[in-house]
Amino acid sequence: MKGEETIDELRRCGLRLIQPRDGYRFSLDPLLLCDFASGRTAETAIDLGTGCGVMPLVLARRYGIGRAVGVESHHPMAALAERNVVLNSLEGSVAIVADDILHMRRRFPVSSFDLVVSNPPYRRPGTGRVSPRPGRDLARHESTAGLADFLAAAKYLVRPGGNICFIYHPSRLDEFMACCRELKLAPVRLRMVHGTIAAEARMFLVELVKGRKGELTVEPPLIIYGDDGGYGAEAEEILGG
């Protein structure tokens, strides 16, 4: 119902997004990930666990991706993402697939995309606080698919020489890298995200490649807020508006 939704603007991206008023609402993380991934040449991209569709919409509208697909297992959220595609007149560039990421081999041929992005759930079942608002825990807690499943799907979908970019929680960095080694995915860029310069990292951004080796570059940290409480200069460029 209309009263249970909001329409929010991402002015810097030229987008309007329908979101549940009390359910899952996207955070800064997908916007940071789109910017992190934008330096790589890509004509096609897929987002695993797209929620309301924010990442494929941003990749298409702001970063010029010609074909962007969002995969979402929660069918009501996938339907909302499809409405957001129509609301922003991006039907020619963005498609939403209502399916589990475990089923990607049925949906797409191997090596179908130049770029795979994902902001997967980072809490294991039964851990962390449970939100009283319906829908919010779907994006935070692993359900049918865990971290290794997201990485395996990304490896299947990305073309050799293409790029995989994830944003994930630092508490699982060691596990993340171990999964990459098992899947023979090479991390080539890593960047920690901090709320303030004095705070512990709240997330990390990582770029992976398949089919070749690469040395890992650890980039300078991304600091979201300055001393005045507003966005820092780089965060303002990414998130402002």
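The values are calculated or read from the model by the stated rules, or taken from the named source; none is laboratory data. Because the structure is predicted, anything quoted here is derived from the model rather than measured. With ideal geometry, Cβ positions are generated from the backbone for all residues, glycine too; neighbour counts draw on all protein chains shown.
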Requested in this report: Report yes if some residue within segment 10-20 is in a loop (DSSP other than H, G, I, E, B) and in contact with a strand residue (DSSP E or B) (Cβ under 9 Å, 6 or more places away or on another chain); otherwise report no.
Outcome: no
Log entry, pairs with first residue in segment 78-91 being among the charged types (D, E, K, R), second being modelled with pLDDT of 95 or more, beta carbons closer than 8 Å, six or more apart or on different chains, reads 82/53; 82/96; 83/18; 91/85
Selection over segment 95-130 where residues are farther than 20 Å from residue 167 by Cβ and modelled with pLDDT under 55 yields a count of 1
Counted residues in segment 83-97 being under 16 Å from the mean Cα position of the chain (by Cα) and either assigned to a helix (DSSP H, G or I) or over 10 Å from residue 56 (Cα atoms) (or both) come to 1
Selection from segment 140-157 of residues under 16 Å from residue 203 (Cα atoms) and in contact (Cβ under 8 Å) with a residue 24 or more places away in the chain yields 147
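Please verify whether segment 32-43 includes one or more residues that are aromatic (Phe, Trp, Tyr), surrounded by fewer than 19 Cβ atoms within 10 Å (Cβ to Cβ) and out of contact with any Lys or Arg (no Cβ under 6 Å at 6 or more places or on another chain).
In the first step, residues of segment 32-43 are kept if they are aromatic (Phe, Trp, Tyr); the result is 36.
Cutting the leftovers down to surrounded by fewer than 19 Cβ atoms within 10 Å (Cβ to Cβ) gives us none.
No, every residue in segment 32-43 fails to be aromatic (Phe, Trp, Tyr), surrounded by fewer than 19 Cβ atoms within 10 Å (Cβ to Cβ) and out of contact with any Lys or Arg (no Cβ under 6 Å at 6 or more places or on another chain).
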Conditions (1) touching a residue at least 24 places away in the same chain (Cβ under 8 Å); (2) within 11 Å of the chain's Cα centre (by Cα) -> residue 27 fails only (1)
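Conditions tested, residue by residue: (1) among the β-branched types (Val, Ile, Thr); (2) more than 22 Å from residue 114 (Cα to Cα); (3) in contact (Cβ under 8 Å) with a residue 24 or more places away in the chain.
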position	(1), (2), (3)
159	no, no, yes
166	no, no, yes
173	no, yes, yes
179	no, no, yes
186	no, no, yes
190	no, no, yes
195	no, yes, yes
206	yes, no, yes
214	no, no, yes
If we keep only residues of segment 28-82 that are small (Gly, Ala, Ser) and not in a loop (DSSP other than H, G, I, E, B), then the residue nearest to residue 11 (Cα to Cα) is 60
